[in-house]
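The values are calculated or read from the model by the stated rules, or taken from the named source; none is laboratory data. Please read all numbers here as calculations on a predicted model, not as lab measurements. A quick note on method: Cβ atoms are made from the backbone with ideal geometry, for glycine too, and the neighbour counts reach across all protein chains shown.
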Amino acid sequence: MSGSRIRGITVEIGGDTVGLQNALKDVNKRSNDLQRELKDVDKLLRFNPGNVELLAQKQQLLTERIEATSQKLTQLRAAQSQVQAQFERGEIGAEQYRAFRREIETTEGSLNGLQNQLQNMANEQQQVAQSTRQLEALFEATGTSVDQFADLLGSRLTASIRNGTATSAQLEEAIDKIGRESVGSGEDLNRLRQALADLGNGTSIDSVVNEIRRISQQADLSRGLLGDMGIGLESALQGVNQRSKELQNELKEVDKLLRFDPGNVEALAQKQQLLSESVANTTEKLNQLRAAEQQVQAQFASGSISQEQYRAFRREIEQAEASINQFESALQEMAQEQQRVESSTRQLSTLFDATGTSIDQFADTLGNQLTSAIRNGTASSSQLEEAIQRIGR
């Protein structure tokens, strides 16, 4: 396909006049050979996504394809001034010139796509390493191993973790399931996740392990003591706690999608809805806790419940309040981002109107990915600001 685009265009290379199609023959063949290998590897990875040998092969093949595509792009750009001059002299037609320009754009797009794939692989490796450390910290804190959760995780996931071939998504699934088994409560689970996330922020593993143990002990205390208060709190909160877990799971799935496609309109709308439902659900829980507060204080004052029980109840209130604040802050940030996007979109439209241009005329300056995001209305505020700066220069 690429050869047919530039058929009939000749350029001078090293003093020899050659057809551009022929000049690119070797690099095109190398690129096609590598693409066939990549397809074979990708087919196998669909059935065994954590296979170390296959992942290493894919990384090597992507690196070689990037080199080959970069070489092709360099050759095309080196010929660009000659082709431009031939078009201006009328030696080639507008159709051939547009075909040449499309060849450059297609090659740039291919190069960007390959670089993104390689970067995604590097990101996945980092995420696997981080999630592995988190899972090891969780096992150390609870004095367990993956084999003790085999029934909970299933034989396939257990084997993947044991063999070191689990993907980051599989490791996250395992952490979530084991975390729920260890601490149960939605709020305690959020605290557990935050403690594990601190591993990536420079906190020592010993500190994280101790924090997980503390959270687990408090969760056990809360579950045991709230159920013994004689006011049915544990039973009364069962529905909202279950809904909290469901909403949290959905939010995690949406956030995963948004990491790869931050401007996805449908995913952003879903996140906003899930955050709103989380606020409403947690507010309902907080109202139930506050409705029982006077009774619990009276029981504590009369000696019917211990200080430990009373502190456990107070923690439930504090955790619910903190969760509501987090959800509302996330909603506020989404609203502010939407305002920033609208403001930057207006600025970009004004710039186009003032210069009598459109987004397509700056495709080379912005690159295919950013141009496409702006054209489709999925660009973030930071992407729009970047476009305004580049076009302004």
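Quick rundown of the values:
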| read-out | value |
| --- | --- |
| Evaluation of Asn325 against (1) loosely packed, with under 13 Cβ neighbours inside 10 Å; (2) within 16 Å of Gln238 (Cα to Cα) (one fails), failing number | (2) |
| Filter pass, Ala79 being touching a helix residue (DSSP H, G or I) at 6+ places or on another chain (Cβ under 7 Å), more than 30 Å from Asp40 (Cβ to Cβ) and in a helix (DSSP H, G or I) | yes |
| Long-range neighbours under 8 Å by Cβ, at least six apart or interchain, first residue closer than 16 Å to Gly113 by Cβ within region 36-63, second not in a helix (DSSP H, G or I) | none |
| Any pair with Cβ under 7 angstrom, 6 or more apart, that starts in region 90-104 at a residue that is closer than 16 Å to Asp364 by Cα and ends at one that is not in a helix (DSSP H, G or I) | Ala99/Ile6; Phe100/Ile6; Phe100/Ile9; Glu103/Ile6 |
| Residue in region 161-175 that is among the acidic types (Asp, Glu), in a helix (DSSP H, G or I), within 26 Å of the chain's Cα centre (by Cα) and closer than 30 Å to Thr283 by Cα present | yes |
| Residue ID - nearest to Asn28 (Cα to Cα), chosen from residues in region 73-95 that are surrounded by 12 or more Cβ atoms within 10 Å (Cβ to Cβ) and among the charged types (D, E, K, R) | Arg77 |
| Cross-chain or 6+ apart pairs with Cβ under 6 Å, region 127-154 first and touching a residue at least 60 places away in the same chain (Cβ under 8 Å), then of a type in the set (Lys, Arg) | Ala141/Arg213 |
| Yes/no for Arg375 being basic (Lys, Arg), at pLDDT 85 or above and within 24 Å of Lys271 (Cβ to Cβ) | no |
| Region 46-69, subset surrounded by 15 or more Cβ atoms within 10 Å (Cβ to Cβ) and small (Gly, Ala, Ser), residue nearest to Tyr97 (Cα to Cα) | Ala68 |
| Hey, Lys256 assigned to a helix (DSSP H, G or I), at pLDDT 85 or above and either crowded, with 16+ Cβ neighbours inside 10 Å or not hydroxyl-bearing (Ser, Thr, Tyr) (or both) or not | no |
| Counted residues, region 349-378 - those being in a helix (DSSP H, G or I) and farther than 26 Å from Asn116 by Cα | 7 |
| Residue list for region 125-135, restricted to those being surrounded by 14 or more Cβ atoms within 10 Å (Cβ to Cβ) and not basic (Lys, Arg) | Gln127, Val128, Gln130, Ser131, Thr132, Gln134, Leu135 |
| Counted residues, region 309-343 - those being aromatic (Phe, Trp, Tyr) and under 16 Å from Ser278 (Cα atoms) | 1 |
| Single residue of region 16-45 satisfying the filter (modelled with pLDDT under 85 and part of a helix (DSSP H, G or I)) that is surrounded by the fewest Cβ atoms within 10 Å (Cβ to Cβ) | Asn22 |
| Options Gln383, Gln389: the member that is of a type outside the set (A, V, I, L, M, F, W, C), touching a residue at least 60 places away in the same chain (Cβ under 8 Å), part of a helix (DSSP H, G or I) and closer than 30 Å to Phe100 by Cα | Gln383 |
| Residue satisfying condition, being buried (at least 16 other Cβ atoms within 10 Å of the Cβ), out of contact with any Phe, Trp or Tyr (no Cβ under 7 Å at 6 or more places or on another chain) and polar (S, T, N, Q), within set Ser349, Ser381 | Ser381 |
